[in-house]
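Asks: Handing you this structure, nothing more for now.
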Amino acid sequence: MAPRTHPIIAIDRVATSARRKGANAQFALKPNGFTLIEVLVALAIMAVMAVMTWRGIDGMTRAQAATHRYTDDVLTLQAGLTQWRTDLDAMMTWPTPTGDNPPGLAGMRSLAWDGSVLRVTRMLTDTPAAGLRVVAWSRRPGDGQWLRWQSAPVRSHLAWTTAWDDAARWAQTGAPAGPQQAGAQAVALAATSEWQLHYYRANAWTNPLSSASAGQDDTNALPDGIRLMITLAPGQSLSGPMVIDWVRPDLGGRP
């Protein structure tokens, strides 16, 4: 026979069980999740982090674009100056006219500077028989772009005369005339504010257009050196004055 529980103890147990059930019911009614204020604070923090991240990415993109632009400008200018030296190194040196040379050879020029355009007759390779090319360097008046123009390869006196005249015409009008120069090309290298040339002759640098150089600019008396004085226009990666000296490779009898 099971022992009987005292009535007071039984009532106390029933009351305790009821209180526990009520507490569990209260906990069950409390919602799970964040309050509206907590959600707004979290959103504000996320927005600030997003703005900071975007600014960082935008700054990195701008810096990368500026670096690429600077690198491109430097490489373009370096390529232009290298081509400048290459054209002068390959400049054609005409032999002294003799009875064995064609009479028209004396009229072909290697170098000419009129204050705005430099025209050069250069060899395509180390062998003159491979052909020649007329090259022109000039500064465009409108935007100050320093330009290089080259003709199609020439292998006759008539083709050279046409290319030589087209080079001067290009410097004045910006485009050569005539279908015979369909292979001509012009390339912009850098924006400049001015440029000048000096020739090194008789142990002195002189302006080719000055009276001191008068009578020296012929086909057989090339200068020993050429000094390029060019001022790069502001607003680009590189700006300011530059001086580049070129010395004739065969000066002193040494290549």
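Laboratory data are not the source of any read-out in this text; all were calculated from the coordinates shown. These numbers come from a predicted model, not from an experiment. Positions of Cβ are generated from backbone atoms using ideal geometry, with glycine treated the same way; all protein chains shown enter the neighbour counts.
Asks: Of the listed peptides 43-53, 148-158, what is their order by residue-averaged count of other C-beta atoms within 10 Å, with the highest listed first?
Replies: The peptides rank, most packed first, as 148-158, 43-53.
Asks: Can you give the FRET efficiency to the nearest 0.05 for A221 and D58, using r as the Cβ-Cβ distance and R₀ = 51 Å?
Replies: 0.30
Asks: Computed FRET efficiency, Cβ-Cβ of A65 and D89, R0 51 Å: what is it to the nearest 0.05?
Replies: E between A65 and D89, to the nearest 0.05, is 0.90.
Asks: When you count, for each residue, the other Cβ atoms within 10 Å and take the mean per peptide, how do 74-83, 225-234, 57-66 rank with the highest first?
Replies: 225-234, 74-83, 57-66
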